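Okay, so here's the structure we're looking at.
Computed from the coordinates by the stated procedures, all read-outs in this text should not be read as laboratory data. In this text, all values refer to a predicted model and were calculated from it rather than measured experimentally. Here the Cβ positions follow ideal geometry from the backbone for every residue, glycine too, while neighbour counts run over all protein chains shown.
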Amino acid sequence: MRRNDCRLCKSKDLQMFLQLGPQPLAGKFLKPEQLNETEEFYALDVFFCKNCKLVQVLDIVPKETLFSEYFYAPHTLLSKHFTSYANEIVKEFNLNEKSLVVEIGSNIGMMLKPFKELGVPAVGVEPAQNIAAMANELGLETVNDFFNEKVAKEIVRQKGKADLIIANNVFAHIDNLDEILLGVKALLKPNGVFVFENHYLLDTLEKVQYDDVYHEHLCYYSLLPIIPFFQKYGMTVFDAKKINTHGGSIRVYCSNSAKLILPSIKQLLDAEKKAGLDILETFVAFGKKVQNNKIEVYQLLHSLKSQGKSIIGYGAPARGNTLLNYCKIDSGLLDYIIDDSPLRQGKYTPGTHIPIVSVDQFRSQQPDYAFLLAWGGYTESILQKEQKFIEKGGKFIIPLPETKIVP
């Protein structure tokens with residue numbers, strides 16, 4: 001269905017500034033036997049709320065369709081991030097063996113694990129049955145359900161109230177945010193803290209990261225709309241930090257009680273206003289940059305292919321499927337895509353039907369070019385990792401923020 005109002009402030013004063021669809025579901029990688037089945041495509045249009053300034057997708061795919069089975073597990077490079085994050089937050093809020101941490105959308109438990117190692121009790125809530133099963137097999141307690149007020153109250157009944165609730169890269173996935181906040185309020189102690197990380201709209205615009213837009217990501221956050229939304233529930237946004245994950249993210253700290261608001265809030269709000277995140281014209285200009293990138297990427301790949309060059313895709317993140325489908329890149333342009341995740345190997349990209357294989361094929365065949373789909377936040381580490389490919393004459397194509405060939 002398509003909403004006709006803003007999911008935060010309920011205003012109907014919305015303006016579309018970017019059309020990327022129709023698109024398949026970015027995370028629905030296909031098994032070989034599914035290639036001949038009819039795929040569902042959905043509109044992927046992005047809107048700006050003139051009232052509260054939230055950027056959002058209004059076409060909603062049922063959450064059961066998106067998340068009941070899932071093929072995303074955090075990249076191993078994120079393991080260090082979550083370990084550091086857990087250590088930092090345990091010290092910051094004096095958590096110990098008597099505390100309770102609950103993670104919404106905990107996936108395979110990559111952040112539950114460091115909490116457990118630090119001796120802090122932690123429970124995950126994960127809707128994907130296959131992923132929740134993996135986490136529980138690893139000894140990381142995970143409730144297989146969508147987080148809501150009912151689930152929150154059941155955790156309270158069994159474990160008591162939480163000192164800390166965290167949500168990493170899931171808060172943007174939720175259509176009914178009021179339901180989530182009711183659950184947070186029911187579960188969190190009066191002096192408890194809710195912390196969430198998500199892609200940061202400021203980075204999305206500055207780096208032209210339109211590949212971050214897909215049906216799982218319903219909202220693209222800045223502090224401008226977040227602060228009044230939490231105020232509605234009697235919660236204070238008291239701190240925020242820019243972090244480097246996923247090509248640029250923000251970590252937001254919200255208190256269930258009055259807290260001293262740290263200078264970071266004013267600093268980021270000032271930066272958002274300076275970048276024009278509060279005016280429609282900024283996003284209209286962004287839409288034009290996206291259209292230009294589509295032309296540049298397609299023309300480059302088509303030119304190289306016409307010269308007889310071999311090109312493969314490097315990394316198969318869900319976000320890459322937005323770029324592939326929008327730019328009309330299929331198996332005629334990319335021979336295959338390599339990815340470390342066994343969850344994706346042997347499958348095909350949705351819509352474009354490019355086969356996904358292990359890195360061994362890349363190592364043995366030495367293609368001319370590797371099109372870096374996993375560019376967001378990982379470019380430098382990948383280039384360092386693939387020095388042998390580069391030394392043998394291989395080159396990487398970086399699609400965003402500007403299309404370029406390195407070295």
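Judged by a Cβ-Cβ distance under 4.7 Å, the unpaired cysteines of the chain are CYS219, CYS254, CYS327. Computed from point charges on the beta carbon alone (+1 for Lys and Arg, -1 for Asp and Glu), the dipole magnitude for the chain about its Cα centre is near 780 Debye.
Rank the residues VAL184, VAL151 as a footprinting-exposure proxy: fewest other Cβ atoms within 10 Å of their Cβ go first.
With the fewest neighbours first, VAL184, VAL151 line up as VAL151, VAL184.
Cα extents for the stretch 255-407 along the principal axes, largest to smallest and rounded to whole angstrom: 58, 33, 31.
Note: the stretch 67-280, Cα convex hull, 120 Å³ per residue. Of all aspartates and glutamates in the structure, those lying under 15 Å Cα to Cα from LYS232, and not within fewer than 8 positions of it along the same chain, are ASP178, GLU179.
Could you list the square roots of 5 times each eigenvalue of the Cα gyration tensor of the stretch 207-253, that is, the equivalent ellipsoid semi-axes, sorted largest first and rounded to whole Å?
With the √(5λ) rule applied to the stretch 207-253, the semi-axes are 23, 14, 8 Å.
Peptide packing for 188-197, 289-298 was compared via the average number of neighbouring C-beta atoms within 10 Å per residue; ordered from the highest value, the list is 188-197, 289-298.
The HN-Hα couplings worked out from phi for the stretch 169-180 by the Karplus form 6.51 cos²θ - 1.76 cosθ + 1.60 (θ = phi - 60°) are 6, 10, 5, 7, 8, 10, 7, 8, 6, 5, 4, 5 Hz, whole numbers, x standing for Gly and Pro. With R₀ fixed at 41 Å, the C-beta to C-beta distance from PHE41 to VAL406 puts the FRET efficiency at about 0.80.
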